[in-house]
Every structure is written in structure tokens, then in C-alpha cells.
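One structure is given here, and the rest of the page talks about it.
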Amino acid sequence: MIHDIFILIYTLIKVVLITLPLLLFVAYLTYLERKIIGYIQGRIGPNRVGIYGLAQPFADFFKLLTKELIIPTASNRYLFLIAPVLALVPALAAWAVIPFSEGLVLSNINAGLLYLFAISSLGVYGILIAGWASNSKYALLGAMRSAAQTISYEIAMGFAFVGVLMASGTLNLQDIVLHQQGGILHWFWIPLLPLFFVYWVSAVAETNRAPFDVAEGESEIVAGFHVEYSGMTFAIFFMAEYANMILVSAIAALLFLGGWLSPFENIPVLDAWFDWVPGFAWLLLKTSGFLFLLIWLRATFPRYRYDQIMRLGWKVLIPITILWIVVLGFSIESHLGPWFTEERMAITHDTFVG
Amino acid sequence: MLGQYLPILIFILLGIVMGVLPILGGWILGPKKPNKEKLAAYECGFPAFEDARLPFDVRYYLVAILFIIFDLETAFFVPWAVVLNDIGWFGFWAMMIFLGLLVIGFIYEWKKGALEWE
């Protein structure tokens with residue numbers, strides 16, 4: 001009994017140790033986004049609160065904390081308040097299966113990728129309920145758009161995941177990364193290049209980020225599904241969006257860029273030089289690269305039109321993924337080197353079955 | 001092995017706490033001065049003309065239906081993809097027949113204009 005409680009407390013501490021740095025990362029991601037977009041547009045960005053504006057996220061947090069929570073009379077008040085929590089929970093809970101380095105994972109489940117796929121699709125409920133419960137035209141429009149867009153891109157994303165499964169032969173995220181051992185050329189981004197692109201485009205669309213942010217579309221439907229939200233309820237949606245951005249970037253790094261593996265593996269001199277770098281640092285570096293790309297995309301591209309988004313999702317991305325799954329099936333069955341030789345396919349097979 | 005799922009449950013519970021606590025904090029710390037205009041639905045400054053729950057485009061419904069078909073397809077693909085290396089060419093071709101049927105359906109939808117959003 002005491003032993004069980006001890007395990008429970010130990011797990012809780014580990015969960016908090018993941019959540020707190022994540023929330024700090026979310027806070028500073030908002031700062032970084034404003035700073036980077038500022039520099040891209042020839043501005044300075046936030047620089048008043050603290051040195052270089054570094055205290056800005058906390059100032060924002062306390063400002064939002066002391067703002068009035070407005071619950072419109074016409075809304076369904078309980079659903080209205082539940083929606084932000086529903087948006088945040090999947091964005092946080094998905095981190096339970098992300099391996100940060102070899103062996104450094106909260107719950108090493110064999111259905112890791114399936115869990116990620118399942119829980120990341122739950123986020124759409126928060127948005128849909130928010131839009132409906134607000135009882136406002138803009139909110140409803142934003143929620144409908146967002147839901148249709150998210151589920152459309154989820155298909156392409158699901159097929160991209162299937163490609164990763166075919167190449168690695170396991171759903172366990174740790175084994176997927178271990179399967180990419182042997183240097184930068186063995187990472188899945190080369191044999192799965194089209195799926196990598198499809199995954200990334202879908203990830204941008206899934207998180208409702210520019211240039212696919214018609215769900216918010218400031219210039220047409222003011223703020224979409226969270227137009228009626230204020231203060232902390234709005235902040236929760238914001239946190240969920242940014243936590244999701246970090247999540248999709250981390251998944252991209254794990255599935256296609258070798259996760260925590262060093263890019264200098266099997267390169268004579270460099271391998272020894274960078275030997276001291278912990279795996280976690282590589283993962284963080286790769287994730288940050290993707291996050292920078294997300295911000296860069298937002299600063300560069302104008303917003304897509306809604307019919308263009310749907311066309312891209314259904315008529316471009318889905319056919320590409322289906323085609324590449326067939327190609328991939330052929331290359332795996334004929335053991336195309338250097339990625340799908342008998343020895344390489346056996347790497348994860350042993351760990352998975354054994 | 002099931003014990004591995006306990007941390008996930010704890011994580012979900014903590015996620016709920018993380019969502020509820022700030023809202024409660026905002027409720028306690030924020031001012032509460034509601035008035036009729038403030039609590040009305042936002043509509044560019046006018047009072048709302050009609051109920052916001054308008055009928056919406058049937059294409060959203062169509063997309064949802066198509067999504068279910070393709071999501072199921074993905075669900076069928078997952079176990080196949082995991083054991084692909086073991087089941088050999090026979091398994092590969094079996095799945096290709098299934099995929100072929102779905103592609104025919106996909107082409108039919110496309111030709112019928114179910115994917116048009118003009």
C-alpha cells in the first residue's frame with residue numbers, strides 16, 4: 001500500500017517535471033514569436049519589461065489573470081468554461097509518451113504513436129465546443145472551419161504516420177528513433193521525404209497556424225472560435241495552441257530527424273567532438289528549428305483562402321501520401337538499401353518482439 | 001505493461017488541474033462588473049440580429065463523413081504497417097487491393113465534386 005502511494009507520488013513528480021518546463025517553454029515561445037516576427041518586420045519587438053523584454057510573458061500572464069472573465073448571457077456557460085480546459089488537456093497529456101532521450105520517457109508504451117495520433121485529434125473538441133457554446137456567429141464560423149480543416153489534414157497526417165510505421169515496424173516512439181541510428185543519412189527524412197513535407201504542412205494546419213489560420217482569421221471573422229473569450233479562459237486557449245506547436249515540432253524531430261540522435265554519428269572526427277552533447281540537447285535543437293520555421297512561415301506567407309486549404313488537403317496531400325505508401329511498400333518488400341536492408345529492418349523487430 | 005498507462009492518466013488529471021486553476025485564479029482576481037452590452041455576443045457593435053446558431057453549409061457535414069471513411073482506412077493500415085516486414089509480398093498485395101478499392105471511391109468523390117469548395 002505504502003509502496004503504491006510512493007510510486008504514485010514519484011510519477012506525479014515526474015509529470016510535474018515535464019509540465020513545468022513545458023509551460024515555461026510555452027511562455028517564452030510567445031516572447032520569441034513576437035521578437036522574431038518583430039525583427040523580420042524591421043521592428044524590435046517587446047523590450048520594455050525586464051532586460052530585452054524577457055519578463056514580458058509573465059507580465060502578460062498577470063495581466064490576463066486580473067482581467068474580468070466575461071461569460072456572455074446567450075452562451076451555454078458550463079460548456080463555455082469547459083472548452084478551454086478540453087483544448088489544453090490533450091496538448092499537455094500528449095507529452096506523456098514523448099521520449100526526451102534514450103530511456104528518458106515517462107511512459108514507454110508500445111502504442112506510443114497511436115496514442116499521439118488519438119490524443120492530438122481530441123483537441124478539435126475544445127475548439128468546436130468553444131465555438132458552439134459561445135453562441136456568436138463569428139465563433140461558430142471559426143469553429144466549423146477549424147473542425148473541417150483539422151479533420152481534413154488529419155487524414156494526410158495519419159498516412160504520414162503510417163509511412164513511418166512501415167519504415168520502422170513499430171509504434172513505440174523510442175524504437176522509432178532507435179531505428180534511425182547510423183547517421184544523418186539513415187534518418188527517415190530521406191526515404192520518407194514526401195511524407196515529411198506532408199506531415200509538416202498538416203502539422204501547421206492542425207495547429208491552426210498561419211498561413212492556415214482561417215479559424216482565427218482576424219481580418220474576416222475577428223478571432224474565430226475564441227472571439228467571446230477573455231482573461232484567463234483566452235489564455236488557456238493560447239497556451240494550448242503554443243503547447244501544440246511545440247508538440248508537433250517535437251514529433252517531427254522524433255519521426256523524421258532522428259529525435260535525440262546526434263547528426264554527426266559515424267562521421268570520423270566530428271562524432272568524437274560532439275560526443276559530450278546529451279541526446280536531449282539535440283532533440284531540443286531540432287524542435288527549436290521546427291518552431292522557428294513555424295514562426296518564419298507566419299511572418300512570410302499571406303493567409304490561404306478556405307477553398308484553397310481544402311483543395312490542398314484533399315487533392316494534393318492525400319494523393320501524395322497514398323502514392324508514397326505504395327512506393328514505400330515496394331521498397332520495403334524488395335529490401336531497398338541502405339534503409340530497408342534485412343539487417344536494418346531487424347533492428348527494431350528484435351526489440352519490439354523481444 | 002498496463003502499469004505504463006498510469007502516468008498517462010495522472011498526466012491527464014494534472015492537465016485538467018492546469019486548465020482549471022488559472023481560470024479559478026482569474027475568477028477570484030478579476031473584477032466582476034457585468035453589464036448588458038458587455039455580456040452580449042460580439043457583432044461589430046450592433047445588437048445581434050438573429051440567433052447565432054445558423055444553419056451551416058452541408059459540405060462541412062460531407063467532409064466529416066469522408067473523414068470517417070479515411071480515418072478508418074488509417075486504422076486498418078496501422079497494424080498492417082507494423083508487421084509489413086514479416087508478412088512479405090502476399091501481405092503487401094492484399095493491402096494494395098484494399099487501397100485500390102478506396103482509391104476508386106476517392107476518385108468517385110472527386111469526380112462527383114464532393115471535394116469542391118467554391
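The values are calculated or read from the model by the stated rules, or taken from the named source; none is laboratory data. None of the values given here were measured: they were computed from a predicted structure. Cβ: placed from backbone, ideal geometry, glycine included. Neighbour counts: every protein chain shown.
A:I246 - would you say it is under 30 Å from B:D86 (Cβ atoms), assigned to a helix (DSSP H, G or I) and of a type in the set (A, V, I, L, M)? Criteria not met by A:I246. Residues in the stretch A:72-96 that are facing chain B (nearest Cβ under 7 Å) and among the aliphatic types (A, V, I, L, M) were compared, and the one that is farthest from the chain's Cα centre (by Cα) is A:A74.
A single entry from B:F56, B:F106, B:F67 fulfils the requirement of being closer than 30 Å to A:G131 by Cβ, surrounded by fewer than 17 Cβ atoms within 10 Å (Cβ to Cβ), under 26 Å from the mean Cα position of the chain (by Cα) and within 8 Å of chain A (Cβ to nearest Cβ): B:F56.
Which members of the stretch A:180-221 meet the condition of being at pLDDT below 80 and aliphatic (A, V, I, L, M)? Residues satisfying the conditions are A:A210, A:V214, A:A215, A:I221. Checking A:T287, A:T321 one by one, the residue that is among the polar types (S, T, N, Q), farther than 17 Å from B:L66 by Cα and in contact (Cβ under 8 Å) with a residue 12 or more places away in the chain is A:T287 and no other.
A:G289 falls short of the stated requirement of being more than 30 Å from B:G25 (Cβ to Cβ), more than 14 Å from every other protein chain (Cβ to nearest Cβ), buried (at least 21 other Cβ atoms within 10 Å of the Cβ) and of a type outside the set (A, V, I, L, M, F, W, C). Within the stretch A:201-212, track down each residue that is in contact (Cβ under 8 Å) with a residue 60 or more places away in the chain and in a helix (DSSP H, G or I). A:V201, A:S202, A:V204, A:A205, A:E206, listed by residue number.
Kindly provide the set of residues from the stretch A:18-44 that are more than 18 Å from A:N244 (Cα to Cα) and free of Cβ contacts under 8 Å to residues at least 24 places away in the same chain, ordered by number.
Selection gives A:K35, A:G38, A:Y39, A:G42, A:R43, A:I44.
Using the structure shown, decide if B:L39 is modelled with pLDDT of 85 or more, aliphatic (A, V, I, L, M) and surrounded by 12 or more Cβ atoms within 10 Å (Cβ to Cβ).
Criteria not met by B:L39.
The set of residues from the stretch A:178-206 being closer than 21 Å to A:E342 by Cβ and crowded, with 21+ Cβ neighbours inside 10 Å comprises A:H179, A:Q180, A:W187, A:F188, A:P191, A:L192. Are any residues in the stretch A:301-318 assigned to a helix (DSSP H, G or I) and either facing another protein chain (nearest Cβ under 8 Å) or surrounded by 15 or more Cβ atoms within 10 Å (Cβ to Cβ) (or both), and if so, which ones? Residues satisfying the conditions are A:Y306, A:D307, A:I309, A:M310, A:R311, A:L312, A:G313, A:W314, A:K315, A:L317, A:I318.
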